[in-house]
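What follows is a short report on a single structure.
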Amino acid sequence: MASERSLNASVAALARAASHAVPGCWLEVHDAFEPLQAAWAALVDQCDCYVFQTWQWNIAWQRAVGERQGVRPRLVRVLDGAGGTVALWPLCLYRQGRLRVLGFAGDRVSDYRAPLLSPAWLGQVDAAAFARLWDECLALIAGVDIVRLERMPERFAHTENPMARLPGAEHTENAHFVTLPATCEAYLRGRSAQILAGNRRKARRLKELGAFVFTPDHAASDWDAAFSALVAHKSRRWRETGSRDLFAEAGYLDFYRSLSAHHIGSGLVTLDSIRVADDFVAVHWGLMFRGRYYWILPAYASGAWDKYSCGRILLQYMIEWAIARNMQCFDLTVGDEPYKQTWSTGRLRLYRWHRARTWRGRLALAAGRLRERARAVSCLRRWVGGARRIAARYLR
């Protein structure tokens with residue numbers, strides 16, 4: 001603790017105030033990541049958290065994406081009476097048109113967004129005090145029109161996330177995961193026999209087309225070709241589905257390249273693939289952290305390869321690989337895609353929390369609510385129309 005106290009004394013803050021909600025604690029707001037590196041890393045070691053809250057993930061994002069987009073860090077730190085860091089919110093100020101938006105660092109790339117919270121400290125803070133503390137933190141951050149916190153997990157691996165219990169927090173989407181048993185046989189017994197048989201049959205057909213190579217963890221020396229194939233397949237798929245092609249936007253490709261360059265082979269970043277002869281037919285970029293494997297960027301070849309379900313085969317192989325490595329969880333991350341529900345054994349609820357701080361923010365928040373209601377009514381009308389057509393068909 002002595003070394004952290006000396007570090008704290010040398011780190012300048014944009015704002016600093018004593019907490020009334022949690023007496024004895026001090027709140028600080030910082031505008032740079034680097035001065036907090038040691039305190040951040042020490043807090044991660046104490047905390048129940050996801051890989052998206054680590055220093056490595058957030059600094060790579062800020063350097064590759066945040067700085068290019070003009071994002072300004074607003075990192076909120078809580079110190080206890082002894083000067084130790086007990087909580088840290090990795091927040092940033094974004095520009096969305098004329099709006100100044102406060103949200104978690106990592107924008108599109110972070111599936112789960114949350115603070116780092118020391119379990120020992122959090123155990124002494126009840127829900128009401130935590131909510132008041134959060135209000136005190138926000139009061140220290142100037143120049144904000146609206147606060148938009150998205151994809152906040154209801155819980156970490158072993159503890160609940162108090163951000164998901166803030167007054168006004170709303171459940172908006174889900175993530176899916178697999179709690180991994182001791183053996184592949186135990187896991188596969190609960191899966192669709194039809195899908196498993198289809199994977200075996202299609203894998204045999206792929207092997208008939210040429211040399212079939214499954215690589216669960218590319219070394220840094222041979223990852224270039226596989227990563228290039230992933231970028232090509234993923235960009236094509238995003239364009240085909242009308243989604244944003246992140247690799248075509250400033251910084252995002254550099255973000256994944258930078259993390260790979262620094263952490264392939266370290267146990268944090270993995271690149272896995274299936275190659276048939278000279279073609280990478282399925283590639284995936286993932287993460288490993290504290291016994292949890294994260295399914296992040298899957299990509300696969302299209303056209304003549306579609307009928308082989310290459311991506312589905314790679315997913316099954318990687319789940320089996322994670323079991324063989326004695327990992328505890330295979331995280332399919334955010335989204336309710338049918339394939340995630342097919343392979344998962346559990347669901348993680350994700351929450352949002354919005355608050356307007358200015359008249360511009362209030363207008364944006366009201367407009368957003370109106371758009372959501374319009375979409376809901378449109379979906380309901382389509383559902384009712386479909387139901388009527390089905391009923392008419394069977395009641396003739």
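The values are calculated or read from the model by the stated rules, or taken from the named source; none is laboratory data. From a predicted model like this one, the values you see are computed outputs, not experimental measurements. Cβ coordinates were reconstructed from backbone atoms using ideal geometry, including for glycine residues, and neighbour counts include every protein chain displayed.
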Matching option when the condition is out of contact with any Phe, Trp or Tyr (no Cβ under 8 Å at 6 or more places or on another chain) and β-branched (Val, Ile, Thr), among THR270, THR179, THR172: THR179
Would you confirm whether any residue within the range 185-198 is under 29 Å from ARG77 (Cβ atoms) and either more than 27 Å from the chain's Cα centre (by Cα) or of a type outside the set (D, E, K, R) (or both)? no
Contact list, first residue from the range 75-90 and free of Cβ contacts under 8 Å to residues at least 60 places away in the same chain, second anywhere and among the polar types (S, T, N, Q) and surrounded by fewer than 22 Cβ atoms within 10 Å (Cβ to Cβ), beta-carbon distance below 7 Å, six or more apart or interchain, is ALA87/SER118
Among strands (runs of 3 or more DSSP E) lying entirely in the range 273-384, which contain 1 or more residues that are free of Cβ contacts under 8 Å to residues at least 40 places away in the same chain? 279-289, 292-300
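Table: residues versus (1) at pLDDT 95 or above; (2) more than 21 Å from the chain's Cα centre (by Cα); (3) polar (S, T, N, Q); (4) buried (at least 20 other Cβ atoms within 10 Å of the Cβ).
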site: ASN58; (1), (2), (3), (4): yes, no, yes, yes
site: TRP61; (1), (2), (3), (4): yes, no, no, yes
site: GLU67; (1), (2), (3), (4): yes, no, no, no
site: ASP80; (1), (2), (3), (4): yes, yes, no, no
site: TRP89; (1), (2), (3), (4): yes, no, no, yes
site: ARG113; (1), (2), (3), (4): yes, no, no, yes
In the range 163-174, is there at least one residue being surrounded by 12 or more Cβ atoms within 10 Å (Cβ to Cβ), in contact with a Pro (Cβ under 6 Å, 6 or more places away or on another chain) and on the phi < 0 side of the Ramachandran plot? no
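May I ask you to say which residue of THR358, THR333, THR342 is outside the structural domain of LEU206 (by TED's automatic domain parsing), out of contact with any strand residue (DSSP E or B) (no Cβ under 9 Å at 6 or more places or on another chain) and either surrounded by 11 or more Cβ atoms within 10 Å (Cβ to Cβ) or closer than 22 Å to VAL109 by Cα (or both)?
Residue meeting the stated conditions: THR342.
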Residue within the range 37-56 that is surrounded by fewer than 22 Cβ atoms within 10 Å (Cβ to Cβ), under 30 Å from ARG360 (Cβ atoms) and either of a type outside the set (D, E, K, R) or without any contact (Cβ under 8 Å) to a residue 40 or more places away in the chain (or both) present: no
Single match in GLY242, GLY267 (criterion: part of a loop (DSSP other than H, G, I, E, B), over 22 Å from ARG63 (Cα atoms) and not polar (S, T, N, Q)): GLY242
What number goes with the only condition from (1) farther than 18 Å from CYS47 by Cα; (2) not in a strand (DSSP E or B) that LEU149 does not pass? (2)
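Which residues, taken from the range 105-121, are among the aliphatic types (A, V, I, L, M), under 15 Å from CYS47 (Cβ atoms) and not in a helix (DSSP H, G or I)?
Once the filter is applied, which keeps residues that are among the aliphatic types (A, V, I, L, M), under 15 Å from CYS47 (Cβ atoms) and not in a helix (DSSP H, G or I), the range 105-121 yields ALA114, LEU116, LEU117.
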